Amino acid sequence: MSLSDWNTLVQGVPTLLSGLWVNVQILLGLIALGFVLGILIALVQVYSPKVPAALAVGYEWFFRGVPEMVLLLLIYFGLRQFHVPITPFIAAVIALGLRSSAYQSQIFRGAIQAVGERQMQAALSIGMTRLQAIRYVILPQALRLSIPPWSNEFSSVLKDTTLASAIGVIEVFRKARFIVGRNYALALPAFMLVALFFLVLTYLGNWLLGVLERRYRIPGFEMRGAGERF
Amino acid sequence: MALLVVEDLHKRYGREEVLRGISLELEKGETKVIIGPSGTGKSTLLRCINRLTEPDRGRIWLDGVEVTSPRTNIYRIRSQIGFVFQDFNLFTHLTALDNVALGLIRVKRVPKREARERALRELERVGLADKADAYPAQLSGGQQQRVSIARALAMDPKLILFDEPTSALDPELIGEVLEVMIELAEGGMTMLVVTHEMGFARAVADEIIFMEHGVIVEQGPPEVLFTNPRVPRTAEFLRKITEFYGKSG
């Protein structure tokens with residue numbers, strides 16, 4: 001690599017970072033959408049009567065079963081076809097968010113079931129409604145249990161944000177390809193830089209989740225995990 | 001009318017009829033103890049009384065209000081009936097104090113500060129004021145069960161149902177729980193207790209109810225049941241259980 005190649009790469013860093021910021025925005029959007037819908041789907045699967053529960057299972061099956069890329073194209077071009085003025089960015093947040101909600105729902109369902117029916121019975125026995133029991137007894141415990149598996153989903157969807165480039169979102173991967181397109185010598189260093197960005201984001205996110213996990217640990221109830229030994 | 005009236009209660013799980021027409025009454029301030037072999041529907045009976053389990057047939061009244069009526073606000077009824085579970089079922093994410101205060105705050109809408117003060121008084125009553133900030137996993141089984149009794153008491157219940165409250169405890173922890181229960185009974189609380197603790201039954205029960213195969217076989221004051229039961233099966237069961245658990249309970 002020549003000096004001028006290095007120069008181009010260094011000049012490209014701000015562009016790449018601005019692209020990465022788009023990935024972070026997609027990430028925040030999709031994970032929030034997936035979180036809210038995921039909890040709802042899990043609650044419906046565990047607590048609701050048969051018909052809504054079956055619908056929730058169908059939803060989960062669909063969004064876990066269709067490849068993400070296909071989902072992105074379906075939602076973006078599908079909505080466009082019906083003249084819904086949707087931007088690639090919003091389409092990416094929705095498509096990836098719906099997909100993530102299906103995965104997150106199973107994290108939350110497992111956690112809710114691990115909390116157990118007895119906690120629900122105890123809450124009902126003091127006169128709580130089911131919704132109160134869920135809000136004040138079940139979810140506070142289930143969300144704590146969800147943190148380790150949720151960090152998996154976080155790491156996974158973080159990287160999926162690069163798929164948004166397929167429907168024209170100008171994010172970090174797309175920008176790296178611009179740079180490489182103009183100068184093939186930069187292929188290896190440019191993509192290595194992108195890889196490094198994602199490694200740093202993954203680390204930061206999981207560090208934050210580790211902080212949350214320790215902050216909300218229930219005294220006397222925990223086993224120390226790997227996160228604390230390193 | 002008695003404080004609690006249960007009339008012809010039936011409950012079936014699949015092909016098995018767990019309750020086959022149970023009727024009983026409990027006057028205000030009375031303590032009745034239900035005994036019987038496991039699997040005879042004792043727990044199901046208690047759970048039907050506050051409708052944690054829906055009975056198939058039969059009617060229940062609490063203080064003149066029909067619990068089994070579809071028009072009754074069951075949440076209100078449940079807040080008036082304390083329930084002490086065999087395995088305590090404290091809320092694991094809350095301190096002892098917050099376990100006791102939660103129902104006051106969320107069900108009775110008592111302001112938080114007031115609820116916490118009341119919760120602390122209830123913990124004092126069961127001898128655990130010094131454990132207010134401990135989480136359930138930091139407490140012994142006996143302490144957890146006493147917190148769960150405090151949780152029931154905080155709601156000012158008209159009646160407390162105990163579902164084998166000492167069966168999950170190490171033998172040396174049973175005494176502290178029974179002591180609290182005896183104090184409650186002597187203090188005029190209305191209690192319906194499923195237990196194998198015959199010492200407790202003898203000491204405080206106004207009546208012992210012997211249940212088997214979903215029906216009440218015999219009921220009467222402890223001195224009568226222990227010394228002169230009408231039904232041979234009652235005598236046999238009492239002899240077995242006294243051998244197993246010891247006379248003093």
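The values are calculated or read from the model by the stated rules, or taken from the named source; none is laboratory data. Nothing here was measured: the structure is a model prediction, and the numbers come from that model. Here the Cβ is made from the backbone with ideal geometry for all residues, glycine too, and neighbour counts use every protein chain on show. Please note that ligands, DNA and RNA were not included when accessible areas were found on the heavy atoms of the full protein model with its side chains. Shrake-Rupley method; radii C 1.70, N 1.55, O 1.52, S 1.80 Å.
Of B:Lys108/B:Lys158; B:Lys158/B:Lys240; B:Lys32/B:Lys240; B:Lys32/B:Lys158; B:Lys42/B:Lys240; B:Lys42/B:Lys158, which sit over 23 Å apart, Cα to Cα?
B:Lys158/B:Lys240
When N is the residue count of the range A:3-216, what does its C-alpha Rg come to as a fraction of 2.2 N^0.38 Å?
Normalised by 2.2 N^0.38 Å, the Cα Rg of the range A:3-216 equals 1.22.
log₁₀ I(q)/I(0) of the range B:106-222 at q = 0.23 Å⁻¹, via Debye over equal Cα point scatterers, no solvent, to two decimals?
Each listed q maps to, in turn, -1.39.
From Cα coordinates alone, what are the radius of gyration and Dmax values for chain B in angstrom?
Gyration radius and largest Cα-Cα distance of chain B: 17.9, 56 Å.
Average partner chain C-beta neighbours within 10 Å, per residue of B:82-95?
Shielding by partners across B:82-95 averages 5.
Treating only the Cβ of Lys, Arg, Asp and Glu as charged (+1, +1, -1, -1), what charge dipole size does the range B:41-147 show about its Cα centre? Round to the nearest 20 debye.
360 debye
Checking a compactness column here: for the range A:79-139, what do you get for Rg(Cα) / (2.2 N^0.38 Å), N being the number of residues?
Cα-based Rg divided by the globular estimate yields 1.76.
Within the range B:11-120, list the GluC sites (Glu not before Pro) lying in a DSSP loop whose Cβ has at most 14 other Cβ atoms in a 10 Å radius.
B:Glu27
Using the Cα centre of the range A:3-216 as the reference point, and only Cβ charges (+1 on K/R, -1 on D/E), how large is the resulting charge dipole? Debye, rounded to the nearest 20.
Value, rounded to 20: 280 debye.
If you wrap a convex hull around the C-alpha atoms of the range A:134-196 and split its volume per residue, what is the figure in Å³?
Dividing the Cα hull volume of the range A:134-196 by its residue count gives 101 Å³.
Kyte-Doolittle cut-off 0.0, length cut-off 18 Å along the helix's own axis using Cα: show which whole DSSP H helices in chain A pass.
The answer, listed by residue number, is A:3-47, A:50-65, A:68-81, A:88-115, A:187-215.
Given an 8 Å cut-off on Cα distances and at least 6 residues of separation, report the relative contact order of the range B:121-249 as a percent.
Across the range B:121-249, relative contact order equals 19 percent.
Considering every pair of different Cα atoms, what Kirkwood radius, in Å, is found for the range A:35-111?
13.0 Å
What whole-number value in cubic angstrom gives the convex hull volume per residue for the C-alpha atoms of the range B:4-124?
In the range B:4-124, the Cα convex hull volume per residue is 145 Å³.
For the range B:182-212 and the range A:52-83, compute the distance between their C-alpha centroids and round to whole Å.
Centre-to-centre (Cα) distance: 60 Å.
Hey, got the dipole for the protein assembly as shown? About the Cα centre, +1 on K and R Cβ, -1 on D and E Cβ, debye to the nearest 20?
Charge dipole of the protein assembly as shown: 1820 debye, to the nearest 20.
When the chain is fully extended, how far beyond the present Cα-Cα distance does B:Asn73 get from B:Thr227, taking 0.36 nm per residue of separation?
Extra length from B:Asn73 to B:Thr227 when fully extended: 51.1 nm.
Taking one equal scatterer on every alpha-carbon of the protein assembly as shown, how large is log10 of I(q)/I(0) by Debye at q = 0.09, 0.13 1/Å?
-0.74, -1.16
Quick check: pseudo-label points 7 Å beyond the Cα along Cα→Cβ at A:Val66 and A:Ser4, how many nm apart are they?
4.8 nm
Can you give the Kirkwood hydrodynamic radius for the range A:48-91, in Å, rounded to one decimal and based on Cα pairs?
Hydrodynamic radius (Kirkwood, Cα only) of the range A:48-91 equals 12.0 Å.
Over the range A:34-85, average the accessible area per residue using a 1.4 Å probe and give it in Å², no decimals.
Result: 65 Å² per residue.
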